[in-house]
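The block underneath contains the structure these notes are about, expressed in structure tokens.
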Amino acid sequence: MTESGAETELRGSGSVRKGCDPFAQTQRSKLQHRRARINQQINKEMRMRAGAENLFRATTNNKVKENVALELSFVNSNLQLLKEELEELNSSVEVYQNGNESISVPMIPLGLKETKEVELSMPLKEIIEEHYNEAACKYEKELKELVDLRQAIRTPTRNDAGIELLMEYYNQLYFIDNRFFPPNKNMGIFFHWYDSLTGVPSYQRALAFEKGSILFNIGALYTQIGARQDRTTEEGINYAIDAFQKAAGALNYLKENFFNAPSLDMSTPSLNMLVRLMIAQVQECVFEKVIVAGVKDEFLTQLQCAQEAARVADVYSLVYQTMTQPPVKNYVPFSWTTMVQVKSEYFKAISHYYAAIALCDHIMGPDEEESEQVKALQQLHVTMPEGPSLITVLKDKEERRKLGKAHLKKAIIKHEEAMRIHSLCRILRKMDILQEVLSIIHKRSLKKYSEIDREDDFFDTIEAPEIHPKTQQKPEIKTPNFSKVKVTDIFHRLGPLSVFSAKNRWTPAKQAHLKKSEKGFGFTLRGDSPVLIAGVVPDGSADEAGLREGDYLVSVNEQDCKWSKHTDVVQLLKNISTEGVSIGVITLITSEQQNNQADRKSLLGTMSSTSIFSGNDKENSKKIADSTKGSGLLVTWNKKKSTNKDGSTHSLPVIAVTDDGSFY
């Protein structure tokens, strides 16, 4: 079954995004199912190990210690087997490659981080009732949409729609954070995510962990999109370049905005490695683009190909160094490290091959610029080759053949080294495509070598210098453009975020009945969504009803006005009958007032309760204290998202206040 046929549509009040059907039997979904199963088993074994280690430390009975030590050895052995199985799944890069019959070097994609279901409805209902003073049952539709959206992001499709789905949820988290997560209070919602590389579970109460994990998955999904492109066409290569650059951007954005990540895959060393890996794969695509465009039998073009290949080898060499440094080397799949090393040697061989054919096949035409060719040859090598001057090499066919043969000899050595490294990895040996590519290119170099080899070259000892790396297209790190996915705040009905947010507190809505006198209702209105009472006339109708400057008008005759503009409220008040009007207002409680209320509650609590806990209470309170320590929390997401009154993301919500108030 194809992925497009395995999609199920998510429909809500604002979302029409799609997630893959989790029961669809695609190769990719099967792989994700196996990863999820192994993650759960690793989680179980780790809990067993933690319990056994605690018992081993606590007991003084030698017999018990022996039994526990034996059990620990079994658990550790099982964990090792599970991690090896997960590593093999992470190494199954062929599942993510393009499905056509073209032969191209496989890319390394990332598997998505998996997550457990999170109970959101009950905690959010409590906030709606306690903080917003509204009936939670009125928001069943919004709660279901949020739950459905989070369920859909667990299985995004491997295309632009999948990226948009993840971005939609990421943008929605801005509103959720502001609506329901007070800055100084724990919500008690635990977000569980599994490490993409090790399968080890992590959980935090910080919404920042959820945001960071979604951002990681955006980067991971881009790598899968890049890997599936048909890189035998220029269009496919351009799509792959764009996808890998965006993957690098998402992972780099995560690295720069989150700290103290609880899982290894989101740690700074891991993200550094992954960003470099994506850049290397972009550079590889740039080389392929040059090849697909056609390597003309021209001296300068072939030298350019040699330098492009040397550049690819250089960046893969840097990735290999990063992968083999602690702590990354302890958990990155061995097949990844091996493939990166293979590619480094492979592209070194390719660079020497193109240098060789440029020299061996070159015949200077009468119209060609000699100085331009000498300059290109000077820039080709890191150090000057031994022997005659470059101008002599260019003009003398035999000298070009000797230097070209030296490059071919080096190319063959590098090819054989790549094949040797490849043979050391059991997982890569199963990868037919990579093996076939290595074999074909190696045979090509051998064939060229046999064509130019001569019996009298036996004592020839020319050593080819290294190729100087150079590229015509430098990779970019493209930061995700979240603003391209417009979302509407799911809990839009709770009111404008400028007032109705988790960080603000306000009095319950107070209803006041006003009668219009000769002087009107006796108050001045300013601003939009919600409208602000800017002034109250002493002894007027509004003053007698208890309205005060700074109150927000939230209803007129029981009609909700939280999102109403100034002109809308004016029109409502103009249409009021002689019987008067009933308006609802709220008053924001300042930080100082909130602190005073908290102090009073704390004092009352101390006076009315005893300081004696039962044994269980002590234990529970200790657990809660310990759980709040944990590993360092990710910092709060510091990119300021934007919102308009319609809920779409643009700029920070502010109260729109006009320069002149309207008097009623």
| said: Please go through the stretch 36-78 and give me each residue that is surrounded by fewer than 13 Cβ atoms within 10 Å (Cβ to Cβ) and in contact (Cβ under 8 Å) with a residue 60 or more places away in the chain, ordered by number. | reply: none
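For (1) crowded, with 16+ Cβ neighbours inside 10 Å; (2) touching a Ser or Thr at 6+ places or on another chain (Cβ under 9 Å); (3) at pLDDT 95 or above; (4) closer than 30 Å to Gly226 by Cβ, each residue gets a yes or a no:
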position	(1), (2), (3), (4)
Lys138	no, no, no, no
Val147	yes, yes, no, no
Gln151	no, no, no, yes
Pro156	yes, no, no, yes
Gln172	yes, yes, yes, yes
Asn184	no, no, no, no
Leu197	yes, yes, no, yes
Ala206	yes, yes, no, no
| request: Look at Val374 and say whether it is modelled with pLDDT under 85, open to solvent by less than 50 Å² (accessible area, probe 1.4 Å), closer than 22 Å to Glu308 by Cα and out of contact with any Phe, Trp or Tyr (no Cβ under 7 Å at 6 or more places or on another chain). | output: yes
| message | Within the stretch 470-572, considering only strands (runs of 3 or more DSSP E) that don't extend past its boundaries, which have at least 1 residues that are of a type in the set (S, T, N, Q), open to solvent by less than 20 Å² (accessible area, probe 1.4 Å) and touching a Cys at 6+ places or on another chain (Cβ under 9 Å)? | response | 552-556
| task | Might you let me know whether the stretch 321-339 holds any residue that is hydrophobic (A, V, I, L, M, F, W, C), open to solvent by less than 10 Å² (accessible area, probe 1.4 Å), in contact (Cβ under 8 Å) with a residue 60 or more places away in the chain and within 18 Å of Gln435 (Cβ to Cβ)? | result | yes
| field | Test set (1) at pLDDT below 85; (2) open to solvent by less than 40 Å² (accessible area, probe 1.4 Å); (3) not hydroxyl-bearing (Ser, Thr, Tyr) - Glu579 fails condition number | value | (2)
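Under the condition of being in contact (Cβ under 8 Å) with a residue 24 or more places away in the chain and either among the aromatic types (Phe, Trp, Tyr) or not in a loop (DSSP other than H, G, I, E, B) (or both), which residue from the stretch 106-124 is nearest to Leu438 (Cα to Cα)?
In the first step, residues of the stretch 106-124 are kept if they are in contact (Cβ under 8 Å) with a residue 24 or more places away in the chain; the result is 106-121, 123-124.
Those left that are additionally either among the aromatic types (Phe, Trp, Tyr) or not in a loop (DSSP other than H, G, I, E, B) (or both): 115, 121, 123-124.
Working: Thr115: 38, Ser121: 54, Pro123: 56, Leu124: 56 Å.
This residue is Thr115.
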| task | Considering every residue within the stretch 258-277, establish whether at least one is within 24 Å of Ala349 (Cα to Cα) and either in contact (Cβ under 8 Å) with a residue 60 or more places away in the chain or surrounded by fewer than 17 Cβ atoms within 10 Å (Cβ to Cβ) (or both). | result | yes
| Being open to solvent by 10 Å² or more (accessible area, probe 1.4 Å), under 27 Å from Pro333 (Cβ atoms) and touching a strand residue (DSSP E or B) at 6+ places or on another chain (Cβ under 9 Å), is that true of even one residue in the stretch 219-242? | no
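Yes or no, residue by residue, for (1) in contact with a Phe, Trp or Tyr (Cβ under 6 Å, 6 or more places away or on another chain); (2) open to solvent by less than 20 Å² (accessible area, probe 1.4 Å); (3) within 14 Å of Ile467 (Cα to Cα); (4) at pLDDT 85 or above:
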position: Glu369; (1), (2), (3), (4): no, no, no, no
position: His381; (1), (2), (3), (4): no, yes, yes, yes
position: Glu386; (1), (2), (3), (4): no, no, no, no
position: Ile391; (1), (2), (3), (4): no, no, no, no
position: Leu394; (1), (2), (3), (4): no, yes, no, no
position: Lys397; (1), (2), (3), (4): no, no, no, no
position: Ala406; (1), (2), (3), (4): no, yes, yes, yes
position: Ala411; (1), (2), (3), (4): yes, yes, yes, yes
| Do we have Gly99 as at pLDDT below 90, open to solvent by less than 20 Å² (accessible area, probe 1.4 Å) and either not in a helix (DSSP H, G or I) or not aliphatic (A, V, I, L, M) (or both) here? | no
| Test for Phe190: is it touching a residue at least 12 places away in the same chain (Cβ under 8 Å) and either open to solvent by less than 20 Å² (accessible area, probe 1.4 Å) or over 30 Å from Ser501 (Cα atoms) (or both) | no
| field | Qualifying positions in the stretch 440-464 - at pLDDT below 90 and either open to solvent by less than 40 Å² (accessible area, probe 1.4 Å) or charged (D, E, K, R) (or both) | value | Lys448, Glu451, Ile452, Asp453, Arg454, Glu455, Asp456, Asp457, Asp460, Glu463, Ala464
| field | Any chance Ile127 is closer than 30 Å to Pro182 by Cβ and either modelled with pLDDT under 85 or not in a loop (DSSP other than H, G, I, E, B) (or both) | value | yes
| query | Does Ile350 qualify as being open to solvent by 50 Å² or more (accessible area, probe 1.4 Å) and of a type in the set (A, V, I, L, M, F, W, C)? | reply | no
| query | Since Glu134 meets every condition but one in (1) in contact (Cβ under 8 Å) with a residue 24 or more places away in the chain; (2) touching a Lys or Arg at 6+ places or on another chain (Cβ under 8 Å), which condition does it not meet? | reply | (2)
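Residues are listed down the side, and each one gets a yes or a no for (1) in contact (Cβ under 8 Å) with a residue 24 or more places away in the chain; (2) within 26 Å of Lys447 (Cα to Cα); (3) part of a loop (DSSP other than H, G, I, E, B); (4) over 50 Å from the mean Cα position of the chain (by Cα):
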residue	(1), (2), (3), (4)
Lys375	no, no, no, no
Glu386	yes, yes, yes, no
Glu399	no, yes, no, yes
His407	yes, yes, no, no
Lys410	yes, yes, no, no
Ala418	yes, yes, no, no
| message | For the structure I just gave you, tell me whether Ala309 is at pLDDT 95 or above and either within 17 Å of Gln472 (Cβ to Cβ) or among the aliphatic types (A, V, I, L, M) (or both). | response | yes
| Residue pairs meeting the criteria (Cβ under 7 Å; at least 6 apart or on separate chains; first within 18 Å of Lys348 (Cα to Cα), in the stretch 278-298; second of a type in the set (Lys, Arg) and not in a helix (DSSP H, G or I)) | Cys285/Arg231; Glu288/Arg231
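The values are calculated or read from the model by the stated rules, or taken from the named source; none is laboratory data. Model, not experiment: these values are computed from the prediction. We place every Cβ from the backbone using ideal geometry, glycine too, and count neighbours over all the protein chains shown. These area figures cover heavy atoms from the full protein model, side chains too; ligands, DNA and RNA do not enter into them. Shrake-Rupley method; radii C 1.70, N 1.55, O 1.52, S 1.80 Å.
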